[in-house]
Amino acid sequence: MASAGKVRRWAAKKGAETPAAGVSTPLTEEQKEEKQQQQKQQGGALEQQVVAPPKLSAGQVVLARSGVKSLASTAFASGVRLAYTQRYAEEIARVQQLLPPGSRWVDSHCHFESILGRTWRGGGKPQVMEGEEILDLEGLVRSWPEGLDGCISNFVFKRLSKPGARLSEWGWIEEHLPQFSASSPVGSKIWFTIGLHPHDAGNWDAAAEQKVRKLAQHPKCVGIGECGFDFFKHSEEEAEKQEQAFRAQAQLAVELGKALVIHARQAESLCLKVLSDLVPESHPIHLHCFSDSLSHALLMCQRWPNLRIGFTGSVTFTPKLAKGKGKGKGKGGSQDSEPVVDRIEELLLGVPLERLLLETDGPYMAPEPFRGQTAHPGLVHRVAEKIAQVKGIPLAQVMEATRMSTRVVYGI
Ligand SMILES: [Zn+2]
Ligand SMILES: [Zn+2]
């Protein structure tokens, strides 16, 4: 891929070859008339486009709304999308063949607003967007494998996912609540959680708490969070406001009797302290996208019998060194200079099957061989396949155990 520097140098060179703006040779009368004729024709073509706009697919509508410029020609993009659709259909057929007919599973953690609006990584993934079949919520649910019982979408950002976006995650859930009702065609396959992510902890205040309380009353709301600590992307100066927001949400989860969804990175001791202070032993907890140490995972499992640990598509990635990533230094966290995947395999082997949850955290971390694409619940079986492979057990057993754990934590 060309570096930004190279692109800038190329653009500067190209500019130097182009005549300077505003400098032109005077035209003869004949040339002027020809030019006027051309402009008239072009204007006519434009008017025609305005009068009869081409019919847009759902994907093109999302693209147009997102303001991301198309990079490829329409014909090329539709060819790539067709290949994407065929590949996904083959994937669904493949996984259904691997499992007995009654096998069921759930994606216990994803983010609908970013999956459907393609706002992930600030909306800066136009190549992905063009190469994928972009669906609305009903289309997405229809595309899932028959054995997928559904998913739990988290709504945890008061701020926008990308500058200029129309809706935040909080705005999205308020607008789409009718689709979560029992009478909606997709209502039986979707649930949600409400809270404030540590990346957005600065927005926690009395009004935010009221909003969370209000949305938590909805019958499809099964959890509070994800909330917690993140010192991988944030410095420790932000610890205080993250802790304040986390404590308030942990208390709320206990008060309302909802599962507590935790996002904790490089914050083992702090996380343990808050839970020990506020959360009774019997409370259901989801430690999502776990990446801390095995000893911490086992300690948490021992202290909270209804705690489960979620793993995402990142467990399928090939080994790489995590050294030097992230701005924060970690607070009581684990070392991260060893190969990530070796640590992940250690975790998958060490945490008992009965304590695991499947999740995508879509749109992020699409499992191999779909890495780089927008992750969604219809790909979560790849996480189960990795667990089955590492533990040396049948895939159906992983589905059964994780399906049961989703019931334990979320009651669904
Ligand atoms: Zn998270
Ligand atoms: Zn998440």
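Only the coordinates and a few stated rules stand behind these numbers; no lab work does. These numbers were taken from a predicted model, which means no experiment stands behind them. Cβ: placed from backbone, ideal geometry, glycine included. Neighbour counts: every protein chain shown.
On a straight-distance basis, which aspartates and glutamates could pair with LYS214 in a cross-link, Cα separation under 12 angstrom, same-chain partners fewer than 8 positions away excluded? Correct list for LYS214: GLU174.
Please work out whether region 202-295 counts as rounded, prolate or oblate from its C-alpha gyration tensor, where a ≥ b ≥ c are the square roots of the eigenvalues and a/c under 1.5 means rounded, while otherwise a/b larger than b/c means prolate and anything else oblate? Judged from the Cα gyration tensor, region 202-295 comes out oblate (a/c at least 1.5, b/c at or above a/b). From the square roots a ≥ b ≥ c of the eigenvalues of the alpha-carbon gyration tensor of region 105-203, which class results: rounded (a/c under 1.5), prolate (a/b over b/c), or oblate? The shape class here is oblate. Local charge for SER181 was computed over the other residues whose Cβ lies under 13 Å away, with Lys and Arg +1 and Asp and Glu -1, and equals +2.
Subtracting the Cα-Cα distance of ASP277 and PHE317 from their residue separation scaled by 0.36 nm leaves 10.8 nm. Within the shell of other residues whose beta carbon sits under 14 angstrom from the beta carbon of GLU90, the net charge comes to +1, with Lys and Arg scored +1 and Asp and Glu -1. Say the cut-off is 28 Å between C-alpha atoms; which of LYS258/LYS391; LYS162/LYS386; LYS211/LYS386; LYS241/LYS386; LYS162/LYS391; LYS189/LYS258 go over it? Listed pairs above 28 Å: LYS258/LYS391; LYS162/LYS386; LYS211/LYS386; LYS241/LYS386; LYS162/LYS391. Applying 1/(1 + (r/R0)^6) with r as the Cβ-Cβ distance of ASP136 and VAL390 and R0 = 56 angstrom yields a FRET efficiency of 0.95. Estimated at 0.36 nm per residue, the fully extended path between SER183 and GLN86 surpasses their Cα-Cα distance by 31.8 nm.
Residues whose amide H lies under 5 Å from that of LEU357, counting only those 5 or more places away or on a different chain, are ILE309, GLY310, PHE311; hydrogens are built 1.01 Å from N in the peptide plane. Given their separation in residues at 0.36 nm each and the Cα-Cα distance between them, THR74 and ARG407 gain 115.4 nm when the chain is fully extended. Inverting the pair-averaged 1/r between distinct Cα atoms of region 138-260 gives 15.3 Å as its Kirkwood hydrodynamic radius.
For region 58-410, relative contact order (Cα pairs under 8 Å, six or more residues apart, normalised by length) works out to 18 percent. Each peptide in 276-283, 186-193 receives the mean, over its residues, of other Cβ atoms within 10 Å, and ordering these scores from highest gives 186-193, 276-283.
Computed from the mean reciprocal separation of all distinct C-alpha pairs, what Kirkwood hydrodynamic radius does region 58-410 have, in Å?
Radius from the Kirkwood sum: 20.5 Å.
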